[in-house]
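Below: one structure in structure tokens.
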Amino acid sequence: MLKHLVSAAIATVLIAPLAHAEAMKMAVTTSFENSGLAEVLLPAIKEDTGIDVQLLVVGTGQALRLGEAGDVDAVLVHSKAAEEKFVADGDATHRREIMYNDFVLIGPEDDPAGIAESESAPAAFKAIAETEAPFVSRGDDSGTNKKELSLWAAIGLKPDALGDWYKPVGAGMGAALNTAAGIDAYIMSDRASWLNFGNKGDLALLYSGDPLLFNQYAYLPVNPDKGDHIRNDLAQNLEEWLTSDRAKELIDGYRIADQQLFTFNAEQTDASQAAE
């Protein structure tokens, strides 16, 4: 009898950590999920903190709308102006930069618009427009789409005034890349999604390096005033983990084809906040 009681007590101790795992919802961009980094981070988060992070994978615009409605506990996106407005409107307690990568321009290997030799990202977009080479746009109000639209604006063009060669698909990064591969079109992607994309076809990375293509990801805990259901406690714990040495090791160490996909910079944000 005593043996059975001891065995039951041991089993209870072993199972207890799992029973205490708690779930929170986080809206993230399709580019973050398509990169494969989520598959690395989420198991480590659960192991280290006991938090089961449930992702809602959407574009940045939709992610922020989910936060505004109080349907998620936190948001991880990449559109600074929209994020700052989100905080200013009282939808998030604050904005915390976590990591960055960059956007790149992808297109047919033979590069009919000649963007590989462009002096800047706007110049590359101008070359595409002048040749009316097929261009696939996310068209989904995502962070990637917002950046793309800003580059068209930089050369005085509005996508709704472009011809049939401009093809908005209203889809995530992976689906948009598949469309571009299917019709040999140009497309702007984040570097991580491109490297993790398996259906490259005749597409190639043709242009990168312009500072305008810098791509910062930030974490925004949703304002707990939106309701008692908001797990701000878990959101705070997750933020502590995302800015930890453990997160830095995993983020900086994530590679595809021996290329680093993201660079952790939460420490730099801390320093800038202290300076302010």
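Laboratory data are not the source of any read-out in this text; all were calculated from the coordinates shown. Just so it is clear, the structure is predicted and the values come from calculations on it, not from any experiment. Backbone-built Cβ (ideal geometry, glycine too); neighbour counts: all protein chains shown.
Tell me which residues come under 5 Å, amide H to amide H, from ASP52 once H is placed; ignore anything under 5 positions away on its chain.
Excluding prolines and chain starts, which carry no amide H, the hits are GLU22, ALA23, MET24.
On a straight-distance basis, which aspartates and glutamates could pair with LYS200 in a cross-link, Cα separation under 16 angstrom, same-chain partners fewer than 8 positions away excluded?
The qualifying aspartates and glutamates are GLU109, ASP110, ASP111, ASP184, ASP190.
Another question, if that's okay. What spacing in nm lies between the two simple spin-label points modelled at SER244 and ALA175, each 7 Å away from Cα in the Cβ direction?
Going from the SER244 label point to the ALA175 one covers 3.5 nm.
Give, as ranges by residue number, the residues of segment 162-190 whose backbone N falls under 17 Å from the point 7 Å along Cα→Cβ of LEU212.
Answer for this model: 187-190.
Under a GNM of the chain (C-alpha, springs under 10 Å), which listed residue has the highest mean-square fluctuation: ALA124, ALA266, ALA153?
It is ALA153.
Calculated from DSSP H runs of 4 or more alone, at -39500 (n - 2.57) each and per residue, what is the 222 nm mean residue ellipticity of the chain, nearest 500?
The helix-only estimate for the chain comes to -13000 deg cm²/dmol at 222 nm.
Quick one: which of 209-216, 129-136 comes out on top by average Cβ neighbours within 10 Å, and what's the full order, highest first?
129-136, 209-216
Which of PHE125, ILE155, ASN178 sits closest to the plus end of the dipole of the chain, meaning its Cα is farthest towards the positive end, when Lys and Arg get +1 and Asp and Glu get -1 on the C-beta?
Most positive-ward Cα: ASN178.
Looking only at segment 182-215, which residues have a backbone nitrogen under 20 Å from a spot 7 Å from the Cα of GLU117 in the C-beta direction?
Correct set: 186, 204-210.
For the pair ALA23/ASP52, report the inter-label distance in nm, with labels modelled 7 Å from Cα in the Cβ direction.
Taking the two extended label points, one gets 0.6 nm.
Based on the alpha-carbon gyration tensor of segment 111-262 and its eigenvalue square roots a ≥ b ≥ c, which shape applies: rounded if a/c is under 1.5, prolate if not and a/b is larger than b/c, or oblate?
Prolate, because a/c is 1.5 or more and a/b exceeds b/c.
Oh, and also: Can you give the net charge of the other residues whose Cβ lies under 15 Å from the Cβ of ASN199, counting K and R as +1 and D and E as -1?
Overall, the nearby charge balance is -2.
Taking the Cα centre of segment 103-213 as origin, work out the dipole magnitude from +1 charges on Lys and Arg Cβ and -1 charges on Asp and Glu Cβ, in debye rounded to 20.
The calculation lands at about 400 debye.
Quick one: length gained pulling ILE183 to ASP160 fully straight, 0.36 nm per residue minus the C-alpha distance?
So the chain would gain 6.2 nm between ILE183 and ASP160.
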